[in-house]
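For reference, the structure discussed in these notes is given below.
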């Protein structure tokens with residue numbers, strides 16, 4: 001396999017599609033990722049083919065994000081009233097942290113979905129709980145876009161098991177920042193890594209919700225923006241400061257500063273080979289992933 005092909009279309013007109021070709025990188029994580037994509041295409045469905053961020057105006061993004069996240073809360077509470085807040089301001093990080101804690105508790109962590117709520121919930125509530133998590137990250141994404149105009153899309157497969165792991169040696173493949181048209185491995189843990197804890201300053205999460213980036217699956221993110229060296233440095237300084245302020249917590253779990261599993265960034269998988277001049281304008285009207293293939 002040398003290329004990842006992603007086919008984009010208008011969800012209302014799937015016959016008029018755009019196929020972009022991404023050249024696979026040559027490293028060990030890509031070799032683990034390829035068979036997972038092949039399995040995903042055979043056994044699972046992309047759970048949200050329209051998961052595109054940053055293509056609309058900021059006002060529309062905020063309005064739609066607030067509507068969607070509160071709709072999830074309504075569906076979940078219609079089964080059992082476990083959530084006592086709704087989001088009225090997208091910058092309310094404390095409420096976003098609270099809602100993420102609800103997701104962690106009532107969904108359960110990877111390989112540990114035995115919570116009574118999850119086992120008894122009907123399918124539409126389980127879907128809403130998973131969607132709540134995605135909408136939380138969507139809101140955070142919009143907030144962070146004030147630093148740099150961020151455009152990306154995410155592909156995940158519904159209910160695909162997450163059992164393959166990244167080795168400590170493979171964290172050296174992680175890159176901070178982003179490149180236009182680069183495909184990155186998606187964080188698949190349920191919980192938060194050090195970097196998210198630092199950005200969110202989360203007072204609601206439990207001690208067991210600290211989850212370094214360990215598992216990989218077929219999921220990926222394609223970014224269409226770049227960050228400056230100063231922006232990258234600013235983010236790294238926030239992470240280092242947070243670690244120093246909470247050093248006892250991390251050391252008690254065996255994570256000294258410099259531990260491979262505290263590495264920030266994402267592992268690149270592939271890079272866009274040919275980019276149409278008006279690529280972003282084309283994607284604005286084709287915000288739907290019709291197919292993902294490897295050749």
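Just a few scattered comments:
- Considering the conditions (1) in contact with a strand residue (DSSP E or B) (Cβ under 8 Å, 6 or more places away or on another chain); (2) crowded, with 17+ Cβ neighbours inside 10 Å, residue 239 is excluded by exactly one of them, (1).
- The range 211-245, residues that are part of a loop (DSSP other than H, G, I, E, B) and more than 25 Å from residue 279 (Cα to Cα): 211, 212, 213, 214, 217
- Scanning the range 74-94 for residues that are part of a helix (DSSP H, G or I), under 23 Å from residue 144 (Cα atoms) and touching a helix residue (DSSP H, G or I) at 6+ places or on another chain (Cβ under 8 Å) returns a single hit, 93.
- Residue check for residue 105: part of a helix (DSSP H, G or I) and under 23 Å from residue 191 (Cα atoms): yes
- Single residue of 248, 271 found to be surrounded by fewer than 20 Cβ atoms within 10 Å (Cβ to Cβ), at pLDDT 95 or above and not in a helix (DSSP H, G or I): 271
- If you go through the range 164-199 and keep only what is closer than 21 Å to residue 150 by Cβ, assigned to a loop (DSSP other than H, G, I, E, B) and touching a helix residue (DSSP H, G or I) at 6+ places or on another chain (Cβ under 6 Å), you end up with 176, 177.
- Residue match in the range 66-83 (condition: closer than 23 Å to residue 284 by Cα, surrounded by fewer than 17 Cβ atoms within 10 Å (Cβ to Cβ) and free of Cβ contacts under 8 Å to residues at least 40 places away in the same chain): yes
- Members of the range 278-295 that are more than 15 Å from residue 183 (Cβ to Cβ) and in a helix (DSSP H, G or I): 280, 281, 282, 284
- Of the set (1) under 19 Å from residue 90 (Cβ atoms); (2) in contact with a helix residue (DSSP H, G or I) (Cβ under 6 Å, 6 or more places away or on another chain); (3) surrounded by fewer than 16 Cβ atoms within 10 Å (Cβ to Cβ), all apply to residue 131 but (3).
The values are calculated or read from the model by the stated rules, or taken from the named source; none is laboratory data. Computed from a prediction, not measured in an experiment: that's the story for all the values here. Positions of Cβ are backbone-derived with ideal geometry, glycine not excepted, and every protein chain shown enters the neighbour counts.
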